[in-house]
Amino acid sequence: MDFTLSDEQQALKKEFDDFFDVEMKDAPREFEANTLEATYGTDECYAFHKQMQRKLSEKGWLTMAWPKEFGGSDAPILDQLLFNESHAYHRAPGIDIFGLKMFAPSLMLYANEEQKKRILEPIAKGDVSYCQGWSEPNSGSDLASLKTNAIKDGEYYVVNGQKIWTTGAHRADHMFLLARTDLAEKRGKGLSVFNVEDMHADGIEVRPIHYMNGGHMYNEVYFTDVRIHESNLVGGENQGWQQTRSTMNFERSGIGGFVSVKHDLEDIVKYAKETKRDGKALIDNPIIRQKIAQLYIDAEMGITLAYRAAWEQDKGNMLVSTTMASESKVFGSELKQRVSYFSTEIMGLYGPIEDCAYAPMDGAMAELYTSCMGGNIAAGSSEIQRNLIAWTGLGLPRFN
């Protein structure tokens, strides 16, 4: 692979960086710690997220790699990667990861023409926000065992059940829901996908799940006799499991996590240069320098892995890139954890302090420390990712 960017790509990357340099000057300070948590955490942050979403949509950057027939520009996946890299480095909001990156690709593959026209355009314009109705109290990694059911009643499906760890459900307008439509079938054979048009509909109750630090990103969602019209069944009844496993990939390299880590490390280096202990700057401690260097190497290695995954996608090697996306996910989330542990370690007793004048780095690393464990679970746990790498990448047998 050739990692050299063309003149056009370098100019495009500069355009992205220049835009975010200006726009993020007005961002609430919470985005410095955790962009996703900040996005859903306060009214001020969510308003800034929606403002950014509209600006990115107007520039056509949200849907660069979408086919033109759906409002995109058929841009190369590597161009989309450059945007995602810049977006993550500047800790910017404005991307609805559930509607834009997860549900929209599935719609392009499985929805009928009426659904594509009705649902995709608002997503592309940034007019709506989605949440993901998958995980349940006893069905997380083993998603195929879910119990929420949708029973046909005339032109409607009547939904009953519970979802959990639903990111942003308290802010979302819509949900893409996975539910059981055939109670006689087990596992993935009887599941279907629905577009929930109104998260405030009768029978839908959203309850918050608060972090240990008071943050609010996750929720429980309860469905009690919620009626969903059959026009919002996507891809056919009992065909939902296939959709969850074969959504189209626009850019799933994991580049965002690695450049976010790189930005964290730059902040740590600045802190180590400015902070003295026993009369010497922390950066002069050879052990601290060595640990920072190793984390930098890991971050650069992750960026290289992400670039190769996107390059493989651009070439059409979707099976290979899917495996590499899993490699990127497990390595990236565990690297983020190592960075948070190291940063709070060198801060000593001041490390856990937040929201006061004595908090090192304005409390950003304390925020990262309290939330980093979730990164090893969310979007597919490290154990599940390693299984996928073994099965799809190495061709190892599955245990029955």
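The values are calculated or read from the model by the stated rules, or taken from the named source; none is laboratory data. These numbers come from a predicted model, not from an experiment. We place every Cβ from the backbone using ideal geometry, glycine too, and count neighbours over all the protein chains shown.
Among the listed residues A390, A309, A379, which satisfies the condition of being part of a helix (DSSP H, G or I) and under 15 Å from S253 (Cβ atoms)? Answer to the selection: A309.
For region 81-101, indicate whether the set of residues that are among the polar types (S, T, N, Q), closer than 27 Å to I303 by Cβ and in contact (Cβ under 8 Å) with a residue 24 or more places away in the chain is non-empty. Within region 81-101 (the criterion being among the polar types (S, T, N, Q), closer than 27 Å to I303 by Cβ and in contact (Cβ under 8 Å) with a residue 24 or more places away in the chain), the answer is yes, since at least one residue qualifies. Tell me, yes or no, whether region 114-126 has at least one residue that is assigned to a helix (DSSP H, G or I), touching a strand residue (DSSP E or B) at 6+ places or on another chain (Cβ under 9 Å), among the aliphatic types (A, V, I, L, M) and not assigned by TED's automatic domain parsing to the domain that holds F48. Yes, the conditions are met somewhere in region 114-126. The selection criterion, being touching a residue at least 12 places away in the same chain (Cβ under 8 Å) and under 30 Å from P76 (Cα atoms), does not hold for G363. Checking each residue of region 205-222 against the condition of being in contact with a strand residue (DSSP E or B) (Cβ under 6 Å, 6 or more places away or on another chain) and of a type in the set (D, E) gives at least one match. Flag set for K117, criterion: charged (D, E, K, R), free of Cβ contacts under 8 Å to residues at least 40 places away in the same chain and either more than 25 Å from D43 (Cβ to Cβ) or surrounded by 19 or more Cβ atoms within 10 Å (Cβ to Cβ) (or both).
Looking across region 60-111, the residues that are of a type in the set (S, T, N, Q) and either surrounded by 19 or more Cβ atoms within 10 Å (Cβ to Cβ) or within 17 Å of the chain's Cα centre (by Cα) (or both) come down to T63, Q80, N84, S86, S106.
If we scan region 337-360, do we find a residue that is assigned to a helix (DSSP H, G or I), among the charged types (D, E, K, R), crowded, with 20+ Cβ neighbours inside 10 Å and within 23 Å of the chain's Cα centre (by Cα)?
Looking for residues that are assigned to a helix (DSSP H, G or I), among the charged types (D, E, K, R), crowded, with 20+ Cβ neighbours inside 10 Å and within 23 Å of the chain's Cα centre (by Cα), one finds none in region 337-360, hence no.
Restricting attention to region 366-380, the residues that are surrounded by fewer than 18 Cβ atoms within 10 Å (Cβ to Cβ) and modelled with pLDDT of 80 or more add up to 0. On inspection, L295 does not qualify as of a type outside the set (S, T, N, Q), outside the structural domain of S86 (by TED's automatic domain parsing) and either modelled with pLDDT under 90 or farther than 25 Å from G374 by Cβ (or both).
Looking across region 277-298, the residues that are basic (K, R) and either in a helix (DSSP H, G or I) or loosely packed, with under 12 Cβ neighbours inside 10 Å (or both) come down to K280, R289, K291. Restricting attention to region 1-59, and to residues there that are of a type in the set (G, A, S) and not in a helix (DSSP H, G or I), which single residue is surrounded by the most Cβ atoms within 10 Å (Cβ to Cβ)? Among residues in region 1-59 that are of a type in the set (G, A, S) and not in a helix (DSSP H, G or I), the one surrounded by the most Cβ atoms within 10 Å (Cβ to Cβ) is A33.
Only a single item in (1) in contact (Cβ under 8 Å) with a residue 60 or more places away in the chain; (2) assigned to a helix (DSSP H, G or I) is not met by M301, and it is number (1). Contact map, region 259-282: first residue within 16 Å of M365 (Cα to Cα), second residue surrounded by fewer than 18 Cβ atoms within 10 Å (Cβ to Cβ) and among the hydroxyl-bearing types (S, T, Y), Cβ cut-off under 8 Å, separation 6 or more or different chains; pairs are K262/Y296; L265/Y296.
Whether any residue in region 148-155 is at pLDDT 95 or above, surrounded by 21 or more Cβ atoms within 10 Å (Cβ to Cβ) and in the same structural domain as V193 (by TED's automatic domain parsing) is what I want to check. Yes; the residues of region 148-155 include at least one that is at pLDDT 95 or above, surrounded by 21 or more Cβ atoms within 10 Å (Cβ to Cβ) and in the same structural domain as V193 (by TED's automatic domain parsing).
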